[in-house]
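Enquirer: Could you have a look at this structure, given as structure tokens, before my questions?
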Amino acid sequence: MTPRDRLRDLFRQRALQFGDFTLASGKKSSYYVNSKKVLFHAEALTLLGEELYAATEDLSVQAIGGLEVGAIPMAAAALTAFHRHGRHLEGFFVRKQAKGHGSKELVEGQVTAGDGVVVIDDVLTTGGSVVQAIAAVEAVGAKVLRVVCICDRLQGAREALAGYDFRPLFTVRDFGIDPPA
């Protein structure tokens, strides 16, 4: 079994839930990919870091991150993998709202104008959350080189990200689910 296959199996076993769910997009779904059940598992996080490295190693990138909360452990996994491969990388996360104190910034971490960044997210349906993260990093002058998610639910994210290099690690089909038409 390859590391990618093992990561896919961990997502199937730990993250996939069936029932009646309302997604962040507001859409109703009979299944839910709860990535937090996987993102705090040592083996899965290590495997994910390597997959994120493989999905971005061809880039001259300065930082990786995305919208809180899901992107925070993902960024940590990627940073660790980049370090293991002898490459420097900064991490960041985008707040859903700026804090009313301190720096009051939406983007936390080392992202500056001119930086090439990868924006990451765990599960994408319509892509609204990742578009919010992209807008925040572009507002500080960074250039989005690629968008990577763990799972694309195949319900509009690719279309919302038209013009960006979008690369999901998996789609719901990899988990044995056919998306609604």
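The values are calculated or read from the model by the stated rules, or taken from the named source; none is laboratory data. Nothing here was measured: the structure is a model prediction, and the numbers come from that model. Backbone-built Cβ (ideal geometry, glycine too); neighbour counts: all protein chains shown.
Enquirer: Consider His88 against the criteria (1) under 29 Å from Phe21 (Cα atoms); (2) over 13 Å from the mean Cα position of the chain (by Cα): it satisfies all of them except one. Which criterion is unmet?
Expert: (1)
Enquirer: Which numbered condition in (1) surrounded by fewer than 19 Cβ atoms within 10 Å (Cβ to Cβ); (2) under 26 Å from Ile134 (Cα atoms); (3) at pLDDT 95 or above is the only one that Glu43 fails?
Expert: With (1) surrounded by fewer than 19 Cβ atoms within 10 Å (Cβ to Cβ); (2) under 26 Å from Ile134 (Cα atoms); (3) at pLDDT 95 or above applied to Glu43, the lone miss is (2).
Enquirer: Which of (1) modelled with pLDDT of 95 or more; (2) over 28 Å from Ala136 (Cβ atoms) is the odd one out, the single condition Glu57 does not satisfy?
Expert: (2)
Enquirer: Within the group Val33, Val38, Val69, which residue is touching a Phe, Trp or Tyr at 6+ places or on another chain (Cβ under 6 Å) and closer than 28 Å to Glu90 by Cβ?
Expert: Val38
Enquirer: List pairs: first in region 22-45 and in contact (Cβ under 8 Å) with a residue 40 or more places away in the chain and among the β-branched types (Val, Ile, Thr), second loosely packed, with under 15 Cβ neighbours inside 10 Å and in a strand (DSSP E or B), Cβ under 9 Å, 6+ apart or cross-chain?
Expert: Val33/Gln17
Enquirer: Under the condition of being aliphatic (A, V, I, L, M) and more than 22 Å from Glu50 (Cβ to Cβ), which residue from region 145-171 is surrounded by the fewest Cβ atoms within 10 Å (Cβ to Cβ)?
Expert: Result: Ala162.
Conditions (1) among the aliphatic types (A, V, I, L, M); (2) farther than 19 Å from Lys27 by Cβ; (3) in contact (Cβ under 8 Å) with a residue 12 or more places away in the chain, marked per residue:
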site	(1), (2), (3)
Gly114	no, yes, yes
Val118	yes, yes, yes
Val123	yes, no, yes
Ala135	yes, yes, no
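Enquirer: Inspect region 9-28 for any residue being of a type outside the set (A, V, I, L, M, F, W, C), touching a strand residue (DSSP E or B) at 6+ places or on another chain (Cβ under 7 Å) and surrounded by 19 or more Cβ atoms within 10 Å (Cβ to Cβ) and give the result as yes or no.
Expert: No: region 9-28 contains no residue that is of a type outside the set (A, V, I, L, M, F, W, C), touching a strand residue (DSSP E or B) at 6+ places or on another chain (Cβ under 7 Å) and surrounded by 19 or more Cβ atoms within 10 Å (Cβ to Cβ).
Enquirer: Working only within region 43-57, note down all residues that are out of contact with any strand residue (DSSP E or B) (no Cβ under 9 Å at 6 or more places or on another chain) and not aliphatic (A, V, I, L, M).
Expert: Glu43, Thr46, Gly49, Glu50, Tyr53, Glu57
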